[in-house]
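In what follows, a single structure is set out as structure tokens and then discussed.
The values are calculated or read from the model by the stated rules, or taken from the named source; none is laboratory data. Remember, it's a predicted structure, so these values are computed and weren't measured experimentally. Every residue, glycine as well, gets a Cβ built from its backbone with ideal geometry; the counts of neighbours run over all protein chains shown.
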Amino acid sequence: MDVARLLILLFSLVYMGGSGLAGPLRVTASILPIADWARNVGGDRVSVSCVLSGGSSPHTFTPSPSDVSKLARADVFMMVGVGLEEWAQDFITAAGRRGLTVVKLGERIGFKEGANPHVWLDPSLAMKMVFEVARALGSLDPESRTLYEKNARLYARKIESLDSRFAPKFAALGQRSVVQFHPAFTYLLRRYGVGVLDVIEPHPGKRPSSKHLQQIILQLRKQPRRVVLIEPQLSSKAAVAVAREADASLVPLDPLGDLTVASRSTYLSLMEFDLNTLLRSLR
């Protein structure tokens, strides 16, 4: 091979990153858990940005101009779907990105619009979505498909290990029930055998009636352990009132994570935080 052809080949390998893409895939994720899955599955083959990285609820969020700008340069937008990101269609339209691939992970694993969308908080469902992340990346970057699949398997084992550590601890508690502020933790609680007495705000943004709150207080007073779950992204005013009247504990769990808080800055650390906090409150 002459020098000129060798230089052309080397340039091509550098420019194409060793695959069929000119640089890493640009991924925009709606929430932190999905962004973290994409980073773990994609490795250095992806560049990931996250729309909600902490502090905001996906039910009431409005994307900023900088969020729109990032999506306008993205190759793929990964979201939960199932009605979680009500702002997503306007967000996608505003970005105006031709050829943008939109991946609705919750819907890919069988959940339909209108179902409870907080599916990522059940580790068994999270593992399924991790493999869907790998499939989505592999369809856009076929030459790296094997790498994505391998990374997904390795990462899924970490989720499985976490699940295996906590399952027997919750089983040893016996029957326990809690009140949720809104139904963010339904799948997590079901996974670990914890009952739900009631939900203070069944529909995000719709204030509960005094009658509904009084019913919850009466139910809580009958419990040996009185626990009300709250979230950092939502106002806890009604939950505080319920807990005070029922002499219950307010227990802060985080459904989304926060990049600025080390203990909740990745999916695994978030789940570790939530499960340890819940476990302590129920013992």
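Details
- Taking each residue of segment 91-119 that is outside the structural domain of MET271 (by TED's automatic domain parsing) and looking for partners that are of a type in the set (Lys, Arg) with beta-carbon atoms closer than 6 Å, six or more apart or interchain, yields ILE109/LYS128.
- Qualifying strands (runs of 3 or more DSSP E) (wholly inside segment 173-283; at least 1 residues being more than 21 Å from GLY55 (Cβ to Cβ), among the polar types (S, T, N, Q) and without any contact (Cβ under 8 Å) to a residue 60 or more places away in the chain): 176-180, 249-252
- One residue stands out in segment 237-283 among those that are surrounded by fewer than 18 Cβ atoms within 10 Å (Cβ to Cβ) and basic (Lys, Arg): the one that is nearest to GLY205 (Cα to Cα), namely LYS237.
- Scanning segment 96-126 for residues that are part of a loop (DSSP other than H, G, I, E, B), among the acidic types (Asp, Glu) and more than 19 Å from LEU270 (Cβ to Cβ) gives a single hit, GLU113.
- Sole exception among (1) of a type outside the set (Lys, Arg); (2) touching a Leu at 6+ places or on another chain (Cβ under 8 Å); (3) buried (at least 19 other Cβ atoms within 10 Å of the Cβ) for GLU107, by number: (2)
- Of all residues in segment 120-153, those that are over 16 Å from THR186 (Cα atoms) and in contact (Cβ under 8 Å) with a residue 40 or more places away in the chain total 15.
- Matching residues in segment 49-61 - criterion: being surrounded by fewer than 21 Cβ atoms within 10 Å (Cβ to Cβ) and modelled with pLDDT of 90 or more: SER49
- Residue in segment 197-216 that is surrounded by 20 or more Cβ atoms within 10 Å (Cβ to Cβ), over 24 Å from ARG264 (Cβ atoms) and of a type in the set (Val, Ile, Thr) present: yes
- Among the residues of segment 78-85, at least one is closer than 23 Å to ALA22 by Cβ and either in contact with a helix residue (DSSP H, G or I) (Cβ under 8 Å, 6 or more places away or on another chain) or without any contact (Cβ under 8 Å) to a residue 12 or more places away in the chain (or both).
- Residue, nearest to LEU256 (Cα to Cα), within segment 167-196, restricted to residues that are buried (at least 18 other Cβ atoms within 10 Å of the Cβ) and among the aliphatic types (A, V, I, L, M): ALA184
- When restricted to residues that are within 16 Å of LYS104 (Cα to Cα) and surrounded by fewer than 23 Cβ atoms within 10 Å (Cβ to Cβ), segment 137-157 contains 3.
- Taking the criterion of being aromatic (Phe, Trp, Tyr) and surrounded by 22 or more Cβ atoms within 10 Å (Cβ to Cβ), the only residue of segment 72-104 that qualifies is PHE77.
- Restricting segment 1-46 to residues that are among the charged types (D, E, K, R) and at pLDDT 95 or above, the residue that is nearest to PHE77 (Cα to Cα): ARG26
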